[in-house]
1. Using the structure shown, decide if residue 215 is surrounded by 20 or more Cβ atoms within 10 Å (Cβ to Cβ), under 20 Å from the mean Cα position of the chain (by Cα) and outside any helix (DSSP H, G or I).
2. May I ask you to list pairs of residues, at least six apart or on different chains, whose Cβ atoms are under 9 Å apart, with the first in region 113-134 being more than 14 Å from residue 159 (Cα to Cα) and the second being part of a helix (DSSP H, G or I) and modelled with pLDDT under 95?
3. Would you please list the contacts, defined by Cβ atoms under 6 Å and residues six or more apart or on different chains, that run from a residue in region 278-306 that is over 27 Å from residue 148 (Cβ atoms) to a residue that is surrounded by fewer than 24 Cβ atoms within 10 Å (Cβ to Cβ) and modelled with pLDDT under 90?
4. So, restricting to helices (runs of 4 or more DSSP H) that lie completely within region 230-320, which ones have at least 1 residues that are over 26 Å from residue 348 (Cβ atoms), in contact with a helix residue (DSSP H, G or I) (Cβ under 9 Å, 6 or more places away or on another chain) and modelled with pLDDT of 90 or more?
5. Do we find that residue 152 is touching a strand residue (DSSP E or B) at 6+ places or on another chain (Cβ under 8 Å), farther than 25 Å from residue 221 by Cα and outside any helix (DSSP H, G or I) in this structure?
6. In region 88-103, which residue that is over 18 Å from residue 125 (Cβ atoms), surrounded by fewer than 24 Cβ atoms within 10 Å (Cβ to Cβ) and touching a strand residue (DSSP E or B) at 6+ places or on another chain (Cβ under 7 Å) is modelled with the lowest pLDDT?
(Lines give C-alpha, C1' and ligand atoms only; values in the text may rest on other atoms or scores of the structure.)
Protein backbone atom coordinates (compact mmCIF):
# COMPACT_ATOMS: atom_id res chain seq x y z
CA UNK A 1 0.00 0.00 0.00
CA UNK A 2 1.45 3.39 -0.97
CA UNK A 3 2.00 6.49 1.17
CA UNK A 4 -0.77 8.20 -0.80
CA UNK A 5 -3.18 5.29 -0.57
CA UNK A 6 -2.74 4.99 3.20
CA UNK A 7 -3.54 8.66 3.77
CA UNK A 8 -6.59 8.38 1.51
CA UNK A 9 -7.80 5.30 3.34
CA UNK A 10 -7.26 6.97 6.71
CA UNK A 11 -9.23 10.03 5.75
CA UNK A 12 -12.18 8.13 4.32
CA UNK A 13 -12.40 5.80 7.28
CA UNK A 14 -11.92 8.25 10.16
CA UNK A 15 -14.25 7.47 13.10
CA UNK A 16 -13.62 7.52 16.79
CA UNK A 17 -13.30 3.73 16.85
CA UNK A 18 -10.71 3.85 14.07
CA UNK A 19 -8.38 6.37 15.72
CA UNK A 20 -6.65 3.99 18.15
CA UNK A 21 -5.82 1.56 15.32
CA UNK A 22 -3.81 4.13 13.37
CA UNK A 23 -0.72 4.51 15.52
CA UNK A 24 2.56 6.23 14.96
CA UNK A 25 4.28 3.13 13.60
CA UNK A 26 2.19 2.61 10.46
CA UNK A 27 4.45 2.21 7.43
CA UNK A 28 3.90 2.00 3.70
CA UNK A 29 5.72 0.79 0.63
CA UNK A 30 7.21 2.88 -2.15
CA UNK A 31 5.26 3.94 -5.21
CA UNK A 32 6.52 4.65 -8.74
CA UNK A 33 8.16 8.05 -9.33
CA UNK A 34 6.17 10.74 -11.09
CA UNK A 35 7.05 12.20 -14.50
CA UNK A 36 8.22 15.80 -14.84
CA UNK A 37 6.39 18.59 -16.59
CA UNK A 38 7.14 20.30 -19.90
CA UNK A 39 8.69 23.68 -20.70
CA UNK A 40 6.80 26.86 -21.65
CA UNK A 41 7.47 29.12 -24.59
CA UNK A 42 7.82 32.85 -25.01
CA UNK A 43 10.48 35.55 -25.19
CA UNK A 44 10.14 39.33 -24.78
CA UNK A 45 11.60 41.97 -27.09
CA UNK A 46 15.02 43.48 -26.36
CA UNK A 47 13.38 46.86 -25.79
CA UNK A 48 11.12 45.37 -23.11
CA UNK A 49 14.12 43.79 -21.39
CA UNK A 50 15.97 47.11 -21.20
CA UNK A 51 12.96 48.94 -19.79
CA UNK A 52 12.51 46.29 -17.12
CA UNK A 53 16.14 46.38 -16.10
CA UNK A 54 16.13 50.17 -15.89
CA UNK A 55 13.34 49.94 -13.30
CA UNK A 56 15.29 47.34 -11.36
CA UNK A 57 12.80 44.65 -12.36
CA UNK A 58 14.42 41.73 -14.18
CA UNK A 59 12.52 39.82 -16.85
CA UNK A 60 11.02 36.58 -15.63
CA UNK A 61 13.63 33.80 -16.07
CA UNK A 62 11.43 31.99 -18.59
CA UNK A 63 11.85 35.05 -20.83
CA UNK A 64 15.66 35.00 -20.79
CA UNK A 65 17.95 32.67 -22.70
CA UNK A 66 20.60 33.08 -19.97
CA UNK A 67 20.10 34.12 -16.38
CA UNK A 68 22.96 34.12 -13.89
CA UNK A 69 22.25 31.64 -11.11
CA UNK A 70 22.76 33.20 -7.68
CA UNK A 71 23.94 30.89 -4.95
CA UNK A 72 21.06 30.98 -2.46
CA UNK A 73 20.63 29.24 0.87
CA UNK A 74 17.20 29.08 2.54
CA UNK A 75 16.73 27.75 6.07
CA UNK A 76 13.28 26.75 7.34
CA UNK A 77 13.66 26.70 11.13
CA UNK A 78 11.92 24.22 13.38
CA UNK A 79 10.05 26.73 15.54
CA UNK A 80 7.13 24.43 16.30
CA UNK A 81 3.73 25.98 15.53
CA UNK A 82 4.91 28.98 13.57
CA UNK A 83 7.01 30.14 10.65
CA UNK A 84 10.62 31.35 10.38
CA UNK A 85 12.57 31.36 7.10
CA UNK A 86 16.02 32.86 6.55
CA UNK A 87 17.03 33.48 2.93
CA UNK A 88 20.69 34.19 2.20
CA UNK A 89 21.81 35.29 -1.26
CA UNK A 90 25.44 34.33 -0.95
CA UNK A 91 26.23 35.83 -4.37
CA UNK A 92 24.77 39.27 -3.69
CA UNK A 93 25.64 39.30 0.04
CA UNK A 94 22.04 39.93 1.11
CA UNK A 95 19.94 38.28 3.82
CA UNK A 96 16.15 38.33 4.19
CA UNK A 97 14.31 36.94 7.21
CA UNK A 98 10.75 36.10 6.17
CA UNK A 99 8.64 35.91 9.34
CA UNK A 100 9.87 34.48 12.61
CA UNK A 101 7.43 33.46 15.29
CA UNK A 102 6.00 30.57 17.25
CA UNK A 103 3.15 29.83 19.63
CA UNK A 104 4.61 26.49 20.69
CA UNK A 105 6.87 27.85 23.39
CA UNK A 106 3.93 28.84 25.56
CA UNK A 107 4.00 26.87 28.80
CA UNK A 108 0.51 25.43 28.33
CA UNK A 109 1.41 24.03 24.91
CA UNK A 110 4.58 22.25 25.97
CA UNK A 111 2.71 19.40 27.64
CA UNK A 112 0.46 18.59 24.65
CA UNK A 113 1.10 15.06 23.37
CA UNK A 114 4.46 14.88 25.14
CA UNK A 115 6.16 16.83 22.35
CA UNK A 116 9.69 18.19 22.85
CA UNK A 117 10.20 21.75 24.01
CA UNK A 118 11.41 24.15 21.32
CA UNK A 119 14.51 25.93 22.64
CA UNK A 120 13.75 29.33 21.20
CA UNK A 121 16.87 31.03 22.58
CA UNK A 122 19.14 28.75 20.53
CA UNK A 123 17.30 29.48 17.29
CA UNK A 124 17.15 33.20 17.97
CA UNK A 125 20.87 33.33 18.79
CA UNK A 126 21.73 31.43 15.61
CA UNK A 127 19.66 33.73 13.42
CA UNK A 128 21.05 36.89 15.02
CA UNK A 129 24.60 35.59 14.53
CA UNK A 130 23.93 34.69 10.89
CA UNK A 131 22.43 38.11 10.13
CA UNK A 132 25.47 39.74 11.70
CA UNK A 133 27.67 38.34 8.92
CA UNK A 134 26.05 40.68 6.37
CA UNK A 135 27.02 44.31 5.64
CA UNK A 136 25.13 47.37 6.88
CA UNK A 137 21.65 47.79 5.29
CA UNK A 138 21.90 44.42 3.51
CA UNK A 139 19.62 42.66 6.04
CA UNK A 140 15.87 42.84 5.48
CA UNK A 141 12.90 41.44 7.40
CA UNK A 142 9.56 40.71 5.73
CA UNK A 143 6.52 40.08 7.92
CA UNK A 144 4.02 38.33 5.66
CA UNK A 145 1.05 39.24 7.87
CA UNK A 146 0.23 40.05 11.48
CA UNK A 147 -0.33 36.63 13.03
CA UNK A 148 1.68 36.20 16.22
CA UNK A 149 3.21 32.88 15.13
CA UNK A 150 4.82 34.78 12.25
CA UNK A 151 6.35 37.73 14.10
CA UNK A 152 6.78 37.33 17.89
CA UNK A 153 10.43 36.20 17.70
CA UNK A 154 11.58 39.10 15.54
CA UNK A 155 11.99 41.60 18.38
CA UNK A 156 14.21 39.33 20.56
CA UNK A 157 16.26 38.38 17.50
CA UNK A 158 16.86 42.05 16.68
CA UNK A 159 17.76 42.82 20.29
CA UNK A 160 20.43 40.11 20.13
CA UNK A 161 21.53 41.35 16.69
CA UNK A 162 21.85 44.98 17.80
CA UNK A 163 24.06 44.08 20.77
CA UNK A 164 26.80 42.83 18.42
CA UNK A 165 26.06 44.99 15.37
CA UNK A 166 25.64 48.48 16.77
CA UNK A 167 25.03 51.04 14.07
CA UNK A 168 24.00 48.56 11.36
CA UNK A 169 20.65 49.40 9.80
CA UNK A 170 17.96 46.83 8.99
CA UNK A 171 15.10 47.09 6.49
CA UNK A 172 11.54 46.09 7.44
CA UNK A 173 8.61 45.33 5.12
CA UNK A 174 5.36 44.73 7.03
CA UNK A 175 2.08 43.56 5.48
CA UNK A 176 -0.33 45.29 7.84
CA UNK A 177 -3.46 46.08 5.86
CA UNK A 178 -5.78 44.09 8.14
CA UNK A 179 -5.14 44.89 11.79
CA UNK A 180 -7.38 43.20 14.33
CA UNK A 181 -6.06 45.27 17.21
CA UNK A 182 -4.92 42.62 19.67
CA UNK A 183 -2.61 43.86 22.40
CA UNK A 184 0.44 41.86 21.28
CA UNK A 185 -0.09 43.01 17.70
CA UNK A 186 -0.19 46.65 18.82
CA UNK A 187 2.94 46.14 20.92
CA UNK A 188 4.78 44.72 17.94
CA UNK A 189 3.78 47.62 15.69
CA UNK A 190 4.86 50.09 18.38
CA UNK A 191 8.24 48.35 18.47
CA UNK A 192 8.42 48.63 14.66
CA UNK A 193 7.80 52.37 15.03
CA UNK A 194 10.70 52.51 17.48
CA UNK A 195 12.91 50.73 14.94
CA UNK A 196 11.99 53.36 12.37
CA UNK A 197 12.82 56.14 14.85
CA UNK A 198 16.30 54.58 15.10
CA UNK A 199 16.79 55.24 11.37
CA UNK A 200 15.99 51.71 10.22
CA UNK A 201 13.96 51.56 6.99
CA UNK A 202 10.32 50.60 7.60
CA UNK A 203 7.61 50.12 4.97
CA UNK A 204 4.01 49.17 5.75
CA UNK A 205 2.66 47.73 2.52
CA UNK A 206 -0.94 47.02 1.51
CA UNK A 207 -0.66 45.65 -2.04
CA UNK A 208 1.66 44.01 -4.55
CA UNK A 209 2.81 47.27 -6.15
CA UNK A 210 3.96 48.66 -2.81
CA UNK A 211 5.73 45.37 -2.12
CA UNK A 212 7.47 45.49 -5.49
CA UNK A 213 8.45 49.15 -5.11
CA UNK A 214 10.13 48.40 -1.80
CA UNK A 215 11.91 45.33 -3.13
CA UNK A 216 13.30 47.56 -5.89
CA UNK A 217 14.44 50.20 -3.37
CA UNK A 218 16.25 47.54 -1.36
CA UNK A 219 17.86 45.98 -4.47
CA UNK A 220 16.07 42.70 -3.80
CA UNK A 221 13.86 42.64 -6.88
CA UNK A 222 16.50 40.96 -9.06
CA UNK A 223 15.97 37.68 -7.20
CA UNK A 224 12.58 38.03 -5.48
CA UNK A 225 9.30 38.07 -7.43
CA UNK A 226 6.38 39.72 -5.56
CA UNK A 227 3.16 37.82 -6.29
CA UNK A 228 0.65 39.37 -3.91
CA UNK A 229 0.09 41.25 -0.64
CA UNK A 230 -2.99 42.66 1.03
CA UNK A 231 -5.52 40.46 -0.78
CA UNK A 232 -7.76 40.18 2.29
CA UNK A 233 -9.59 43.49 2.04
CA UNK A 234 -10.52 45.75 4.91
CA UNK A 235 -11.30 44.78 8.49
CA UNK A 236 -14.87 43.47 8.81
CA UNK A 237 -16.89 45.50 11.33
CA UNK A 238 -20.29 43.82 10.91
CA UNK A 239 -20.18 40.10 10.24
CA UNK A 240 -22.91 38.88 12.60
CA UNK A 241 -21.75 37.35 15.87
CA UNK A 242 -18.48 38.28 17.56
CA UNK A 243 -17.13 34.84 16.67
CA UNK A 244 -18.13 35.30 13.01
CA UNK A 245 -16.41 38.69 12.94
CA UNK A 246 -13.25 37.22 14.43
CA UNK A 247 -13.22 34.39 11.88
CA UNK A 248 -13.79 36.80 8.98
CA UNK A 249 -11.00 39.08 10.14
CA UNK A 250 -8.58 36.21 10.69
CA UNK A 251 -9.33 35.01 7.16
CA UNK A 252 -8.70 38.53 5.81
CA UNK A 253 -5.45 38.76 7.71
CA UNK A 254 -4.28 35.41 6.32
CA UNK A 255 -5.24 36.51 2.81
CA UNK A 256 -3.13 39.66 3.31
CA UNK A 257 -0.07 37.41 3.39
CA UNK A 258 2.89 38.43 1.29
CA UNK A 259 3.61 35.72 -1.30
CA UNK A 260 7.02 35.79 -3.00
CA UNK A 261 8.99 33.53 -5.31
CA UNK A 262 12.73 33.49 -4.72
CA UNK A 263 14.70 32.78 -7.89
CA UNK A 264 18.14 31.43 -8.66
CA UNK A 265 18.92 31.46 -12.36
CA UNK A 266 16.43 30.42 -15.00
CA UNK A 267 15.09 27.22 -13.48
CA UNK A 268 15.30 27.20 -9.67
CA UNK A 269 12.91 28.96 -7.29
CA UNK A 270 11.31 28.71 -3.84
CA UNK A 271 7.77 29.92 -3.21
CA UNK A 272 7.07 31.41 0.24
CA UNK A 273 3.37 31.75 1.03
CA UNK A 274 2.72 32.91 4.61
CA UNK A 275 -0.85 31.88 5.43
CA UNK A 276 -2.17 32.54 1.91
CA UNK A 277 -5.78 31.58 1.12
CA UNK A 278 -7.93 31.26 -1.98
CA UNK A 279 -8.36 35.06 -1.90
CA UNK A 280 -4.57 35.35 -2.25
CA UNK A 281 -4.65 32.95 -5.20
CA UNK A 282 -7.42 34.94 -6.91
CA UNK A 283 -5.46 38.17 -6.43
CA UNK A 284 -2.34 36.59 -7.93
CA UNK A 285 -4.37 35.58 -10.98
CA UNK A 286 -6.04 39.01 -11.20
CA UNK A 287 -2.66 40.74 -11.26
CA UNK A 288 -1.29 38.44 -13.95
CA UNK A 289 1.24 36.75 -11.67
CA UNK A 290 0.24 33.11 -12.25
CA UNK A 291 3.38 32.39 -14.36
CA UNK A 292 5.47 33.29 -11.31
CA UNK A 293 3.70 30.65 -9.19
CA UNK A 294 5.66 27.85 -10.87
CA UNK A 295 8.31 26.80 -8.41
CA UNK A 296 10.89 24.19 -7.49
CA UNK A 297 10.27 24.10 -3.73
CA UNK A 298 6.98 25.22 -2.19
CA UNK A 299 6.44 26.24 1.41
CA UNK A 300 2.94 24.88 2.06
CA UNK A 301 0.53 27.68 2.86
CA UNK A 302 -0.74 28.15 6.42
CA UNK A 303 1.36 25.32 7.89
CA UNK A 304 -0.39 22.75 5.70
CA UNK A 305 -3.96 23.79 6.61
CA UNK A 306 -6.95 23.30 4.34
CA UNK A 307 -9.14 26.17 5.59
CA UNK A 308 -10.22 29.10 3.38
CA UNK A 309 -8.84 27.41 0.27
CA UNK A 310 -5.24 27.05 1.45
CA UNK A 311 -3.30 24.32 -0.40
CA UNK A 312 -6.11 23.68 -2.86
CA UNK A 313 -5.67 21.36 -5.84
CA UNK A 314 -5.76 24.37 -8.16
CA UNK A 315 -3.03 26.17 -6.17
CA UNK A 316 -0.80 23.07 -6.12
CA UNK A 317 -1.21 22.46 -9.86
CA UNK A 318 -0.23 26.04 -10.65
CA UNK A 319 2.82 25.89 -8.39
CA UNK A 320 3.79 22.41 -9.67
CA UNK A 321 6.55 21.93 -7.04
CA UNK A 322 9.24 19.27 -7.08
CA UNK A 323 9.41 19.37 -3.28
CA UNK A 324 7.23 20.71 -0.45
CA UNK A 325 8.23 21.99 2.99
CA UNK A 326 5.74 22.39 5.84
CA UNK A 327 6.45 24.58 8.86
CA UNK A 328 4.33 23.17 11.67
CA UNK A 329 4.50 21.75 15.17
CA UNK A 330 2.57 19.10 17.01
CA UNK A 331 0.07 21.57 18.46
CA UNK A 332 -3.27 19.77 18.56
CA UNK A 333 -5.43 22.90 18.69
CA UNK A 334 -4.59 23.69 15.05
CA UNK A 335 -4.01 20.19 13.70
CA UNK A 336 -1.35 21.15 11.13
CA UNK A 337 -0.71 19.76 8.61
CA UNK A 338 -3.93 18.05 7.58
CA UNK A 339 -3.73 14.57 6.11
CA UNK A 340 -6.11 15.64 3.33
CA UNK A 341 -3.57 18.29 2.27
CA UNK A 342 -0.77 15.72 2.12
CA UNK A 343 -3.08 13.56 0.02
CA UNK A 344 -3.35 16.40 -2.52
CA UNK A 345 0.41 16.89 -2.75
CA UNK A 346 0.94 13.14 -3.17
CA UNK A 347 -1.64 12.79 -5.95
CA UNK A 348 0.38 12.49 -9.22
CA UNK A 349 -2.54 14.07 -11.07
CA UNK A 350 -2.05 17.22 -8.96
CA UNK A 351 1.71 17.47 -8.29
CA UNK A 352 4.94 15.88 -9.56
CA UNK A 353 6.86 15.41 -6.33
CA UNK A 354 10.44 14.09 -6.44
CA UNK A 355 11.59 11.11 -4.43
CA UNK A 356 14.47 11.15 -1.98
CA UNK A 357 15.55 9.73 1.37
CA UNK A 358 12.81 7.85 3.21
CA UNK A 359 11.47 9.68 6.24
CA UNK A 360 8.60 10.04 8.70
CA UNK A 361 5.80 12.54 8.20
CA UNK A 362 3.15 13.51 10.74
CA UNK A 363 -0.33 14.80 9.92
CA UNK A 364 -3.75 15.27 11.55
CA UNK A 365 -7.12 13.98 10.41
CA UNK A 366 -8.91 17.15 11.50
CA UNK A 367 -12.27 17.87 13.05
CA UNK A 368 -14.96 15.21 12.76
CA UNK A 369 -18.47 15.75 14.11
CA UNK A 370 -18.91 12.88 16.54
CA UNK A 371 -21.34 14.63 18.85
CA UNK A 372 -19.24 15.54 21.88
CA UNK A 373 -16.35 17.87 22.59
CA UNK A 374 -14.40 14.95 24.05
CA UNK A 375 -14.75 13.00 20.80
CA UNK A 376 -13.71 16.00 18.73
CA UNK A 377 -10.65 16.53 20.90
CA UNK A 378 -9.66 12.88 20.73
CA UNK A 379 -9.74 12.86 16.93
CA UNK A 380 -7.82 16.07 16.37
CA UNK A 381 -5.21 15.27 19.03
CA UNK A 382 -4.41 11.89 17.45
CA UNK A 383 -1.48 12.53 15.09
CA UNK A 384 -0.80 10.01 12.34
CA UNK A 385 2.77 9.21 11.40
CA UNK A 386 3.55 7.80 7.97
CA UNK A 387 6.67 6.68 6.16
CA UNK A 388 7.61 7.50 2.58
CA UNK A 389 10.29 8.80 0.21
CA UNK A 390 8.31 11.57 -1.51
CA UNK A 391 9.96 14.98 -1.07
CA UNK A 392 7.48 16.41 1.43
CA UNK A 393 9.09 17.52 4.68
CA UNK A 394 7.75 18.88 7.97
CA UNK A 395 9.93 20.88 10.36
CA UNK A 396 8.35 18.97 13.26
CA UNK A 397 9.57 15.65 11.85
CA UNK A 398 12.78 16.69 10.05
CA UNK A 399 13.93 19.63 12.24
CA UNK A 400 15.61 22.63 10.61
CA UNK A 401 15.48 22.19 6.84
CA UNK A 402 18.05 23.81 4.55
CA UNK A 403 17.51 24.36 0.82
CA UNK A 404 20.53 25.23 -1.33
CA UNK A 405 20.35 26.51 -4.92
CA UNK A 406 23.50 26.36 -7.00
CA UNK A 407 24.13 25.95 -10.76
CA UNK A 408 20.47 25.19 -11.59
CA UNK A 409 20.38 22.35 -9.04
CA UNK A 410 18.93 22.12 -5.56
CA UNK A 411 19.80 20.20 -2.42
CA UNK A 412 17.65 19.72 0.69
CA UNK A 413 19.25 18.76 4.01
CA UNK A 414 17.44 18.10 7.32
CA UNK A 415 19.07 18.86 10.66
CA UNK A 416 17.45 16.83 13.44
CA UNK A 417 19.10 17.06 16.86
CA UNK A 418 22.37 18.30 15.35
CA UNK A 419 22.63 15.50 12.78
CA UNK A 420 22.56 16.54 9.11
CA UNK A 421 20.62 14.17 6.85
CA UNK A 422 20.60 14.74 3.05
CA UNK A 423 17.02 14.39 1.81
CA UNK A 424 17.55 15.36 -1.84
CA UNK A 425 21.03 15.87 -3.33
CA UNK A 426 21.85 18.03 -6.36
CA UNK A 427 18.58 17.52 -8.16
CA UNK A 428 18.17 19.51 -11.40
CA UNK A 429 15.53 22.23 -11.22
CA UNK A 430 12.91 21.28 -13.81
CA UNK A 431 12.02 23.79 -16.52
CA UNK A 432 8.26 24.37 -16.33
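The values are calculated or read from the model by the stated rules, or taken from the named source; none is laboratory data. Only a predicted model underlies this, so the values are computations on that prediction, with no experimental measurement involved. A quick note on method: Cβ atoms are made from the backbone with ideal geometry, for glycine too, and the neighbour counts reach across all protein chains shown.
1. No.
2. Going by the 9 Å Cβ cut-off, the qualifying pairs are 115/109; 115/396.
3. 294/432
4. Values: elements: 242-255, 278-286, 313-319.
Correct list: 278-286.
5. On the way: touching a strand residue (DSSP E or B) at 6+ places or on another chain (Cβ under 8 Å): yes; farther than 25 Å from residue 221 by Cα: yes; outside any helix (DSSP H, G or I): yes.
Yes.
6. Taking the candidates together, the pick is 103.
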